[in-house]
Amino acid sequence: MIMRLMLAAAVLMQSGRLFAQHPIDIGNRRELMIDDHLIDEISSRARLQLNKPVRREISLVTDAPWEGNACHYRSVFQDGDRYRMYYGGYQYDVQQDKQTYPHPAFLCYAESRDGIHWTKPNLGLVEFNGSGKNNIVFSSASVQDVAADPGHVAVFKDSNPDCPPSARYKAIVRSNSEPGLLAFRSADGFRFEPVQQEPVITQGAFDSQNLAFWDTVRSEYRAYFRGFRDGTRSILTATSQDFLHWTPPQWVEFPGAPREHIYTNQVKPYDRAPHIFTGFPLRYTDRGRVDSTDKLPHPELRRLRASNHPRYGSAVTDGLFMTSRDGRHFHRWDEAFIRPGAARTNAWVYGDNSVAWGIVLTRSAVKKSPDELSIYVTEGYWTGTSLNVRRYSMRVDGFVSVNAPLSGGEFVTKPIVFTGSKLEINYSTSGAGAIRVEVQDVDGRPIDGFAQHDCHEIFGDEIERTVTWERGQDVSSLAEKPVRLKFFLKDADLYSFRFACLEAEEELTNP
């Protein structure tokens, strides 16, 4: 008897799986391959790969007299048939041993019908040099009752179903009078007013783009803002039910990531999978005055900056990518998502390569190609009299993929439970590459009719492709039962998958 138990235990150990492992209920959620949350085993030839975005056109140049070279923090979102962009208007003039500011900070606005071509409308809300013909939303002087900093603002459209129309647009604004964040509201996204005179969040550093949004999955407001943790710039988070009363802040954790200075966070739920948070933090690196420092772009201007403070001449920043499933613990990739790039467009200075808060869906430049994701990044910060906001694009769901070479690679999921009747994948292969999917029981045995050899070979490049086996596409017989998925990849990338309803079912449930 004892020998049989020992033999059974050995078999369990060799399999590498605990049969009693509690299955993960994914329902019909779209699951992105952004981390190893669903991965139980992965072969040495397959890997999680961070995919870099594609550099596109310049979307905006901040060359108006009330804008400048320090128009840093930006909020971008789609609002019906219009794309909105809010950003700070500011200019740094650098001189020997001093820096001057030709005008105060403003909150400015641009809009677009496609997310590609942007305009700056004349809003007529705030006077600059005696004229209201500008795109300024508000200034510190135009806001009554509170001392607000228009250069440190994050704007969003509130998706809380209980939000009154008078507060449909909201903003988090840094206070100029005391450490803290002020809550603003607006009915139209142009005329903002403070919700109350006192800051709603007071624990933190706040010299960054601090932000908040309504979390539709967890039915609460979430805020992310700057703090210093043991001398290192990092991120705090808090939650609220009413946008006014917030929980005590907690530190955002980055398990396994090196200790680095993080300036912004840009956290937001991903629209196609809102249970997942994405973020594009700005990493700050200062090696001091070394050989390469004077070989970076604009050496004379760099030395002028350094006369005000050494780090103004030596610090550089780049954009990172991170994700979370609970809003507090983030997987942060060490490699840069946005590199500073060539000297002809980038100043290689701290503040450059800052990703705007918000991902939007835009049409592809290639006809008949799927829509793509767009983000907006600063270049030329703190140089000249303006900066560029450049669009970068990438595949839908395409931040990270499981990638394997032509020689092949595979991975198997942890036990999952799903609802639906078909399996859809977002994938790409080479002409010689392919993907097959096997459905297994929790013990790793192929389920009859859903084995690897039953699966039709998949090759191509599609955002949504339904997996087909010899018996067809219908997997409803396996719904709500613990199963594993095993993916076999050759010169292929898998970006996401989800279970959904077959078209006939969709027509019945959505007449």
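Does segment 457-470 contain any residue that is of a type in the set (D, E, K, R), out of contact with any Asp or Glu (no Cβ under 7 Å at 6 or more places or on another chain) and not in a strand (DSSP E or B)? Yes, some residue in segment 457-470 is of a type in the set (D, E, K, R), out of contact with any Asp or Glu (no Cβ under 7 Å at 6 or more places or on another chain) and not in a strand (DSSP E or B). Report yes if PHE206 is touching a Pro at 6+ places or on another chain (Cβ under 8 Å) and not in a strand (DSSP E or B), otherwise no. Considered against the rule, which asks whether it is touching a Pro at 6+ places or on another chain (Cβ under 8 Å) and not in a strand (DSSP E or B), PHE206 comes out as yes. Residue-level analysis places ASP286 among those that are over 30 Å from GLU372 (Cα atoms) and in contact with a Pro (Cβ under 9 Å, 6 or more places away or on another chain).
Residues in segment 216-226 that are surrounded by fewer than 19 Cβ atoms within 10 Å (Cβ to Cβ) and assigned to a strand (DSSP E or B): GLU220 alone. Looking at this structure, is LEU361 touching a residue at least 40 places away in the same chain (Cβ under 8 Å) and within 30 Å of SER44 (Cα to Cα)? It is false that LEU361 is touching a residue at least 40 places away in the same chain (Cβ under 8 Å) and within 30 Å of SER44 (Cα to Cα).
Considering each residue of segment 391-412 in turn, at least one proves to be in contact with a strand residue (DSSP E or B) (Cβ under 9 Å, 6 or more places away or on another chain) and over 30 Å from VAL54 (Cα atoms). Restricted to segment 151-197, and to residues there that are of a type in the set (Val, Ile, Thr) and surrounded by 21 or more Cβ atoms within 10 Å (Cβ to Cβ), the residue that is nearest to the chain's Cα centre (by Cα) is VAL155. When residues in segment 347-385 are screened for being part of a loop (DSSP other than H, G, I, E, B), crowded, with 21+ Cβ neighbours inside 10 Å and among the small types (Gly, Ala, Ser), 5 of them pass.
Got at least one residue in segment 331-346 being surrounded by fewer than 23 Cβ atoms within 10 Å (Cβ to Cβ) and part of a strand (DSSP E or B)? Scanning segment 331-346, I find at least one residue that is surrounded by fewer than 23 Cβ atoms within 10 Å (Cβ to Cβ) and part of a strand (DSSP E or B), so the answer is yes. If the condition is being hydrophobic (A, V, I, L, M, F, W, C), assigned to a loop (DSSP other than H, G, I, E, B) and crowded, with 19+ Cβ neighbours inside 10 Å, then segment 414-456 contributes only PHE450. For segment 273-289, the tally of residues that are β-branched (Val, Ile, Thr) and closer than 16 Å to ALA356 by Cβ stands at 1. The residues on offer are ALA148, ALA105, ALA110, and the sole one that is in the same structural domain as SER364 (by TED's automatic domain parsing), buried (at least 16 other Cβ atoms within 10 Å of the Cβ), closer than 19 Å to ASP63 by Cβ and in contact with a Leu (Cβ under 7 Å, 6 or more places away or on another chain) is ALA110. Among the residues making up segment 69-121, a single one is more than 15 Å from ARG391 (Cα to Cα), touching a residue at least 40 places away in the same chain (Cβ under 8 Å) and β-branched (Val, Ile, Thr): VAL94. Of all residues in segment 397-413, those satisfying the criterion of being surrounded by 19 or more Cβ atoms within 10 Å (Cβ to Cβ) and not in a strand (DSSP E or B) are ASP397, GLY398, PHE399.
The condition (being charged (D, E, K, R), at pLDDT 95 or above and over 20 Å from the mean Cα position of the chain (by Cα)) is satisfied by just one residue among ARG390, ARG436: ARG436. Going by the structure shown, is GLN49 more than 25 Å from TYR101 (Cβ to Cβ), surrounded by 16 or more Cβ atoms within 10 Å (Cβ to Cβ), of a type outside the set (Gly, Ala, Ser) and under 20 Å from the mean Cα position of the chain (by Cα)? No. Please work out if GLU57 is in contact with a strand residue (DSSP E or B) (Cβ under 8 Å, 6 or more places away or on another chain) and either surrounded by 15 or more Cβ atoms within 10 Å (Cβ to Cβ) or modelled with pLDDT under 95 (or both). Criteria not met by GLU57. Residues that are assigned to a loop (DSSP other than H, G, I, E, B) and basic (Lys, Arg) were ranked within segment 253-276; the one that is nearest to THR216 (Cα to Cα) is ARG272.
The values are calculated or read from the model by the stated rules, or taken from the named source; none is laboratory data. Owing to the predicted nature of the structure, the values given are computational and were not obtained by experimental measurement. Glycine gets a Cβ as well: all are built from the backbone with ideal geometry, and neighbour counts include every protein chain shown.
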